[in-house]
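The block underneath contains the structure these notes are about, expressed in structure tokens.
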Amino acid sequence: MDRWEGRVAVVTGASSGIGKSIATELVERGMIVVGLARRVELVQDLSRSLADRKGKLFAVKADVRKEDDVVEAFDWVRKNLGGVHVLVNNAGMGAYSPLTNMDREQYEKVQTCFGTNVMGMVMCSSEALKLMRENGIDDGHIININSVLGHFITRRCGLHVYSASRYAVTVLTEGLRRELAEAKSMIRVTIAEITVRPVGEDA
Ligand SMILES: NC(=O)c1ccc[n+]([C@@H]2O[C@H](COP(=O)([O-])OP(=O)(O)OC[C@H]3O[C@@H](n4cnc5c(N)ncnc54)[C@H](OP(=O)(O)O)[C@@H]3O)[C@@H](O)[C@H]2O)c1
């Protein structure tokens, strides 16, 4: 971990849950962290609470579904910090959407789910890669927070839309990893799996 001290990490969805914990841990280990979220005030609160730690947390407001927000957030990084060494694509959401009971409200839910979990990840990864290239960073790391539902088709009805978005994360992560490997880049791409299943429960 020492080699990351003083380097820049972008963590999406840093206002709560797993993203907040990741941002906190990285700041404690000396990284300069940019936390993206819509509820930017929560990231600002977190930043204040981490003021005496080794690293630093900057809060930037962004809805990762929106292209302009994502481009502007990474422009902020470019102007204020230069490059990015680590990206944690954590912003995401679950969705309960029974496929046999779709209506306009459900269509919007599906769009939000794919917009956040898939498009958000694709756009943030692309913008981060641009910043890595611009700054000659060839040992960067992109970490995509995923779910075990990105690897098998659950028997639980209502979760297939969410699961499909997580399969997309699995495929796109592996695709990016292969493209970077083909280009002989040393930038790593990793999936971190989170399980939704309480121990012992059948999926
Ligand atoms: N917890 C689990 O059991 C579990 C299981 C499998 C996978 N996961 C995945 O792990 C990740 C974190 O989960 P969590 O449990 O920590 O969830 P959480 O507490 O609900 O936090 C989600 C985070 O994502 C951010 N976010 C959501 N939509 C966003 C958007 N459009 N633009 C920017 N930020 C957005 C939220 O920030 P704002 O609302 O402030 O924007 C929040 O910081 C998610 O991708 C989730 O799907 C979690």
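What pairs come up if the first residue lies in region 128-144 and is under 17 Å from Lys79 (Cβ atoms), the second is assigned to a helix (DSSP H, G or I) and of a type in the set (Phe, Trp, Tyr), and their beta carbons are under 9 Å apart, counting only those six or more places apart or on different chains?
Note: pairs meeting the criteria are Ala128/Phe74; Lys130/Phe74; Leu131/Phe74.
State whether one or more residues within region 108-121 are closer than 21 Å to Ile22 by Cβ and of a type in the set (Phe, Trp, Tyr).
Scanning region 108-121 turns up no residue that is closer than 21 Å to Ile22 by Cβ and of a type in the set (Phe, Trp, Tyr).
From the residues in region 93-121 that are among the hydrophobic types (A, V, I, L, M, F, W, C) and part of a helix (DSSP H, G or I), which one is farthest from Glu67 (Cα to Cα)? Spell out how you get there, then give the answer.
Start the filter on region 93-121 by keeping residues that are among the hydrophobic types (A, V, I, L, M, F, W, C), which leaves 93, 95, 99, 102, 110, 113-114, 118-119, 121.
Of the ones still in play, those that are also part of a helix (DSSP H, G or I) are 99, 110, 113-114, 118-119, 121.
Working: Leu99: 28, Val110: 18, Cys113: 15, Phe114: 14, Val118: 13, Met119: 9, Met121: 11 Å.
Step by step, filter region 93-121, then rank; the result is Leu99.
Kindly establish whether Glu72 is farther than 19 Å from Gly120 by Cβ, free of Cβ contacts under 8 Å to residues at least 40 places away in the same chain, surrounded by fewer than 17 Cβ atoms within 10 Å (Cβ to Cβ) and within 14 Å of the ligand (Cβ to nearest atom). It would help to see each step written out before you state the result.
Details: farther than 19 Å from Gly120 by Cβ: no; free of Cβ contacts under 8 Å to residues at least 40 places away in the same chain: yes; surrounded by fewer than 17 Cβ atoms within 10 Å (Cβ to Cβ): yes; within 14 Å of the ligand (Cβ to nearest atom): yes.
No: the conditions fail for Glu72.
Please state which one of Val60, Val84, Val33 is under 30 Å from Glu179 (Cβ atoms), hydrophobic (A, V, I, L, M, F, W, C) and in contact (Cβ under 8 Å) with a residue 40 or more places away in the chain.
Details: Val60 fails: in contact (Cβ under 8 Å) with a residue 40 or more places away in the chain; Val33 fails: in contact (Cβ under 8 Å) with a residue 40 or more places away in the chain.
That would be Val84, the only listed residue that is under 30 Å from Glu179 (Cβ atoms), hydrophobic (A, V, I, L, M, F, W, C) and in contact (Cβ under 8 Å) with a residue 40 or more places away in the chain.
Condition first: over 17 Å from Val10 (Cβ atoms) and crowded, with 21+ Cβ neighbours inside 10 Å. Now tell me which residues in region 136-160 satisfy that. Before the answer, list the steps.
First, pick out the residues of region 136-160 that are over 17 Å from Val10 (Cβ atoms): 136, 138, 146-160.
Those that are over 17 Å from Val10 (Cβ atoms) and crowded, with 21+ Cβ neighbours inside 10 Å: Asn146, Ser147, Leu149, Gly150, Leu159.
Look through Lys56, Lys66, Lys79 and report the one residue that is under 23 Å from Val118 (Cα atoms) and either surrounded by 15 or more Cβ atoms within 10 Å (Cβ to Cβ) or more than 10 Å from the ligand (Cβ to nearest atom) (or both).
On the way: Lys56 fails: under 23 Å from Val118 (Cα atoms); Lys79 fails: under 23 Å from Val118 (Cα atoms).
So the residue among Lys56, Lys66, Lys79 that is under 23 Å from Val118 (Cα atoms) and either surrounded by 15 or more Cβ atoms within 10 Å (Cβ to Cβ) or more than 10 Å from the ligand (Cβ to nearest atom) (or both) is Lys66.
Which of the numbered conditions does Ala95 fail, given that it passes all the others? Conditions: (1) more than 21 Å from Leu159 (Cβ to Cβ); (2) within 13 Å of the ligand (Cβ to nearest atom).
The number of the failed condition is (1).
The conditions are (1) under 28 Å from Glu5 (Cβ atoms); (2) assigned to a loop (DSSP other than H, G, I, E, B), and Lys130 fails exactly one of them. Which is it?
(2)
Show the residue pairs that are 6+ apart or on different chains and have beta-carbon atoms under 8 Å apart, the first residue being within region 145-162 and farther than 20 Å from Thr116 by Cβ and part of a loop (DSSP other than H, G, I, E, B), the second being acidic (Asp, Glu) and away from the ligand (no atom under 15 Å from the Cβ).
Partner pairs satisfying both residue conditions: Arg155/Asp202.
FYI, it's all coordinate maths here, none of it is from the lab. Please read all numbers here as calculations on a predicted model, not as lab measurements. Every residue, glycine as well, gets a Cβ built from its backbone with ideal geometry; the counts of neighbours run over all protein chains shown.
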